[in-house]
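Taken together, the values in this text are just the output of simple stated rules run on the coordinates, not laboratory data. All values reported here derive from a predicted model rather than from experimental measurement. All Cβ positions, glycine included, derive from the backbone under ideal geometry; neighbour counts span all protein chains shown.
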Amino acid sequence: MKKVLKSVAFLALISLVFSACKEKESGTNAQQVESTLKVKVEQVMAEDVDQLYEYTAIVEANAVNNIAPLTGGRIEKIFVEVGDVVAAGQVVAEMEDNTLKQAKSQLDNLELSFKRIDELYKVGGVSKSEWDNLKTQLDVARTSYKNLKDNTQLVSPISGVVTMRNYDSGDLFSGQPIIQVQQIHPVKLNINVSEKQFVTIKKGMEAKVNLDVYGDEEFAGKVSLVYPTIDARTHTFPVEISLPNGGSKVRPGMYARVTMNYGSEHRVVVPDVAIIKQQGAGDRYVYTYKDGKVSYKKVEIGRRVGNRYELISGVNDGDYVVTTGLSKLRDGMNVELVK
């Protein structure tokens, strides 16, 4: 009887072990089925993409002139205030003119003397050397008087707006400019452009300018100067943009964004959700899908176009890129498509 009970117990134990193995095998198979990741993909196509580049700049005056006398002295009168608009050739300040009056008196005397000696010279009354000597003195006196006059009556060489005044009438000139005038018709902006655009950008090209202070309002500018050399350290070169500024809305010091259009390129564009940024390196990758497997590919991205990115390299026209579950994927992994 005991042998029979042992046999029954042994058979029961074998049955339990067999059942457990079957359950384990079944569970493993189920797990393998469930581990096949389901993903969504999108076919990417090439299209014409405008090559728009944005630069930041600070508005500058087209010309800045610091007005000051050549020599020291007392400032007799200042005729303008900060903010005044002045024309080229307009007198903006006057220095004390005592020296000018003395020079004018000497010049008048020399002119009278030369007039007399010139008449005598014509009839042979004086020698050529005497005539030459007085003529030289007269020329020197005229030049000296002109310089003194320019140094006494200070004029603006440019049309513009007064942006600085460092003295009041009656002050002694001590070295700082008396008046600063800035020409703001037009204004200019300097941007640093990548050497990749060196053969593309040309003088006269149009530029769109937005100023933070005016929101979305757009101003039209043009390339007025392209510098001929490239900075070996930054691989950029300066480009000057000229803005007409007819309404005087744009002022020096304003923060601006300049947009340049370098034409269009036929490039593949991919949805932004498909782009993976590698931590620490800054490289970009995507997963492409083909025949049930995914491949991890490095890409070079261009400009953003809405919710997509232009790709310069890495993915071909017509490829499929994965748009979901990117963090769970590995190169060469089998996946299942979600339709």
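Brief remarks on what is shown
- Mean-position separation - Cα centroids, region 105-142 and region 158-197, in angstrom: 45 Å
- Tilt relative to the chain, helix 2-34 - C-alpha long axis, 0 to 90 degrees, to 10: 30 degrees
- Most positive-pole-ward Cα, 289, 109, 121, against dipole of the chain from beta carbon charges: 289
- Mean Cα-pair separation over length for region 261-322, i.e. relative contact order, pairs under 8 Å, 6 or more apart, %: 35 percent
- Cβ crowding within 10 Å averaged over residues, with 166-174, 256-264 ranked highest first: 256-264, 166-174
- Close amide H pairs (under 5 Å, H built 1.01 Å from N) link residue 90 with 156, residues at least 5 positions away or on another chain.
- When +1 charges are put on Lys and Arg Cβ atoms and -1 charges on Asp and Glu Cβ atoms, the dipole computed for the chain relative to its Cα centre reaches about 1940 debye.
- Each residue of region 279-296 was assigned a 3J(HN,Hα) from its phi angle through the Karplus expression (A = 6.51, B = -1.76, C = 1.60, θ = phi - 60°), giving 5, x, 9, x, 6, 10, 9, 9, 9, 9, 10, 7, 6, x, 10, 10, 10, 8 Hz with x at Gly and Pro.
- In degrees, nearest ten, helix 128-152 long axis to first principal axis of the chain (Cα): 50 degrees
- Long-range amide H partners of residue 301 with built H, under 5 Å: 312
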